[in-house]
1. From the Cα gyration tensor of the stretch 61-316, with a ≥ b ≥ c the square roots of its eigenvalues, which class applies: rounded if a/c is under 1.5, or else prolate if a/b is larger than b/c, or else oblate?
2. Can you list the residues, at least 5 places off or on another chain, whose amide H is less than 5 Å from the amide H of Cys97, using H built in the peptide plane?
3. With r as the distance between the Cβ atoms of Asn239 and Lys171 and R0 = 25 Å, compute the FRET efficiency 1/(1 + (r/R0)^6) and round to 0.05.
4. Would you mind counting up the charge near Lys62? Only other residues with Cβ under 10 Å from its Cβ, with Lys and Arg at +1 and Asp and Glu at -1.
5. If you take every residue apart from Asp297 with its C-beta less than 15 Å away from the C-beta of Asp297, what net charge results, scoring Lys and Arg +1 and Asp and Glu -1?
6. Lys and Arg at +1, Asp and Glu at -1: add these up for the other residues within a Cβ distance under 15 Å of Phe110 and post the number.
7. Could you please rank Phe258, Phe54, Phe202, placing first whichever residue has the fewest other Cβ atoms within 10 Å of its Cβ?
8. Would you be so kind as to identify which of Pro146, Phe285, Asn177 lies farthest towards the positive end of the dipole of the stretch 61-316, taking Lys and Arg as +1 and Asp and Glu as -1 on Cβ and the Cα centre as origin?
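Read the figures in this text as sums done on the coordinates, not as results from a lab. Since the model is a prediction, treat every value here as computed from it, not as a measurement. Note that we place each Cβ from the backbone using ideal geometry, even for glycine, and neighbour counts take in every protein chain shown.
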Amino acid sequence: MQNQLKPKLSINDAATMLGVTPQAVHLRVRNNQFKLSLSGNKQYLTHAEARAVFSDLLPKYKKTIIAIHNVRGGVGKTTLANSIAVRASLYGAKVLCIDADKQGNLTESFNVDADGKKILFDLISDPALSIKDCIIPVTDGIDLIPSRIENSLIDRLINSKGGRLDLIYPKILKGINLLDTYDLVLFDCPPEIGFNVQSIMFFCDYSLTPVTPDKYSLNGLRVIDQMFDAMVEDYKPENRPYFRVLFNKYDNRTKLSFHMLKMVQDNPVYSANMFNCFIQTNSDFPNQLNSSISSYDNLKHSTSKEDIDVLVREILGLE
Ligand SMILES: Nc1ncnc2c1ncn2[C@@H]1O[C@H](COP(=O)(O)OP(=O)(O)OP(=O)(O)O)[C@@H](O)[C@H]1O
Ligand SMILES: [Mg+2]
């Protein structure tokens with residue numbers, strides 16, 4: 001395993017999240033016989049300790065399977081998948097990330113080399129394979145099904161096999177319930193609406209759809225809504241798949257951000273399931289993706305971490 005990711009949570013942050021004193025966090029750690037590690041002169045929690053410290057919250061987590069998707073490229077899907085996974089793991093949640101994008105950016109962001117590893121294409125093409133054969137550990141609390149360019153063949157494969165798109169993922173899982181093992185499953189989707197993306201949408205509880213303040217973003221939402229209409233017409237699922245809009249790269253200094261947010265909020269379809277929080281533009285994100293090290297590898301405070309924390313709380317149902 002190539003493992004450079006070492007996400008950390010400061011004792012003070014854990015205390016703030018729990019609404020208790022730092023001393024109370026220390027006590028919980030000691031009661032669970034953990035020994036805290038040091039970064040400089042600061043003690044911190046890793047996933048394993050967080051799981052013990054947040055043990056009261058664990059049963060309350062809303063276990064969810066989420067597709068992070070927008071037909072528009074570059075809106076932050078991969079960045080958010082990485083950050084949500086890391087942050088949720090520091091709440092003690094067990095996270096499975098599934099890189100469904102042939103670009104493999106999420107795989108790279110976790111510093112994993114997908115060469116020679118099983119990917120989604122293998123899972124869909126080989127009925128003898130179990131999903132468990134494709135899952136690799138990234139770091140404590142985060143597992144991954146990696147991706148590489150061969151995943152560009154999935155749509156052709158699904159098309160040649162025929163059959164219902166809403167049954168693709170239930171079939172390849174062969175009765176395995178991912179939420180028995182994981183608290184959160186995140187698919188990082190490519191910016192398209194092909195057969196695989198639609199199959200993923202049917203399988204997930206909802207799609208987290210980032211939009212950014214640019215004038216084409218709303219066109220993407222319109223197309224996704226049309227895609228859902230077509231999926232419902234074709235397969236008549238019991239529950240209509242839906243997307244939850246998340247505003248990303250929000251910049252309160254620009255009028256465009258303000259106007260775009262208002263346009264989304266004023267649209268009854270988009271606003272119905274919109275996330276309450278939004279993610280501000282912050283250079284931490286590109287820095288983090290380029291270095292393949294999570295910004296949680298250090299204990300510094302930042303607004304990007306605060307924004308992701310609020311989002312993860314909303315996803316886990318901790319509000
Ligand atoms: N809140 C943010 N603030 C600043 N930069 C951001 C933010 N979110 C994402 N970015 C940057 O935007 C760029 C695109 O992000 P990312 O690769 O996550 O998008 P994507 O939607 O996954 O793209 P693709 O459609 O190609 O898969 C990256 O450089 C990323 O660091
Ligand atoms: Mg991406």
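1. Cα axes put the stretch 61-316 in the oblate bin.
2. Under 5 Å from the amide H of Cys97 lie the amide H atoms of Asp143, Leu144, Ile145, Leu186, each far enough along the sequence or on another chain.
3. 0.85
4. -1
5. +3
6. So the surrounding residues net to -4.
7. In increasing order of surrounding Cβ atoms, one gets Phe258, Phe202, Phe54.
8. Comparing the listed Cα positions along the dipole, Phe285 ranks first.
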